[in-house]
1. Between residue 105 and residue 14, what is the FRET efficiency for a Förster distance of 35 Å, r being their Cβ-Cβ separation, to the nearest 0.05?
2. Describe numerically, in nm with one decimal, the distance between label points set 7 Å from Cα along Cα→Cβ at residue 97 and at residue 32.
3. Give a quick list of chymotrypsin sites (Phe, Trp or Tyr not before Pro) in the stretch 21-124 that DSSP marks as loop, anything other than H, G, I, E or B, with at most 15 other Cβ atoms within 10 Å.
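Nothing in this text is a laboratory measurement; each read-out follows from the coordinates by a stated rule. Small disclaimer: the values here were computed from a predicted structure and weren't measured. Because the Cβ atoms are built from the backbone with ideal geometry, glycine has one as well, and the counts that use them run over all protein chains shown.
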Amino acid sequence: MSVNRPVGLLGLRHAAIQVNQLHAAESFYVDLLGYTADRRPSYDSVYLTKGNDLLTLHQSQDKFPTKSQRLSHLGFAVESSEDVDAWHRFLSDHQVKMGTDPIAHRDGGYSFWCYDPDGNVVQVFYQPKSQRLES
């Protein structure tokens, strides 16, 4: 199919999620995952940054019923399989609820799953460059 698109997208740079406990979620992403609180546009939201990423946390106001959400997980890339293991140890040591131990994928990737304070699935993954889609 031929589509006349505007100038190409640069990729996903922003995600916004609703959380039940804003302070606990902010602590998870800032204190454990290394994001920086960039700004607070209102009392019930915070913008977090890391590199080119912008992750917004919104205190849940039941504006979007949970059953209508289709977010599978948030994926955070690292540079090596050893980094995956290090993150797994670090988060486990900080009593983060784990979903899996680190596992090797058939495509050469390596990852584990855990949960933020609201139960959102977070994946820390390594994908060898030879397996990545080129932009």
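1. That pair, residue 105 with residue 14, gives E of 0.85.
2. 1.1
3. 43
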